[in-house]
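Single-structure report; data block below.
The values are calculated or read from the model by the stated rules, or taken from the named source; none is laboratory data. Here the structure is a predicted model, which means the values were calculated and not measured. Please note: Cβ atoms are built from the backbone with ideal geometry, for glycine as well, and neighbour counts cover all protein chains shown. Only protein heavy atoms, including side chains, enter the accessible area calculation; ligands, DNA and RNA are left aside. Shrake-Rupley method; radii C 1.70, N 1.55, O 1.52, S 1.80 Å.
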Amino acid sequence: MTREDVRELLPREVRHYIGGRFVPSHTGEVFLDLDPHDNQPLTWIARGGGKEVHEAAIAARSAFEQYWRRTADQGRSHALSRIADTLMAHQEELAGLETLDTGLTRTRCRMDWPPMRGRAMERGTSGWRNPSTPEWRGLTRKTSVLSARPSGA
């Protein structure tokens, strides 16, 4: 995928994703994102502020209360796995976009993706590891996740 191919993936304007919708900033302000390689314009980005942060926090709390809190551990793990699989399926496009935005090499951008699927699987429950793994056996719901140590720590 060439730089030009990746540029074609960019929307004309990047908006905030809040509550399942892409929305502009309340102020209407945007800023121009420049390619660090050649200082050419990439796209316009919605400039967020306190109102956007507040709305995003309310939307996240609502999603947590309505869906995530009521989802069993296996369902959470499955959802995170699907997200990780989707990201992995688009690894080249995402690495290309990250390269355009940050100036990092594609090789460096790709390095972060493979471990992601494993982390998503591990974090499908409320802690660092799946409770069925040996390092979590014997813990009860009364045991604080903060006092438990993940394996390898």
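Couple of notes before you dig in:
- Here each label is just a point 7 Å from Cα along the line to Cβ, and for TRP68 and ARG82 those points are 1.6 nm apart.
- With the simple spin-label model, which puts each label point 7 Å out from Cα in the Cβ direction, the LEU9 to GLU29 separation comes to 2.9 nm.
- Both radii were evaluated on the Cα set of segment 1-68; the Rg over Rh quotient, with Rh as the Kirkwood radius, amounts to 1.10.
- For ILE18, the residues whose amide H sits under 5 Å from its own are VAL23, ignoring neighbours fewer than 5 places away on the same chain, with H placed 1.01 Å from N.
- Karplus-derived 3J(HN,Hα) values for segment 100-109, using 6.51 cos²θ - 1.76 cosθ + 1.60 with θ = phi - 60°, are 4, 6, 10, x, 5, 6, 5, 4, 5, 5 Hz; glycine and proline are entered as x.
- Accessible area per residue in Å² at 1.4 Å probe, computed on segment 3-120: 69 Å²
- Annotation for ALA59 and GLN40: the two label points, set 7 Å from Cα along the Cα-Cβ direction, are 3.2 nm apart.
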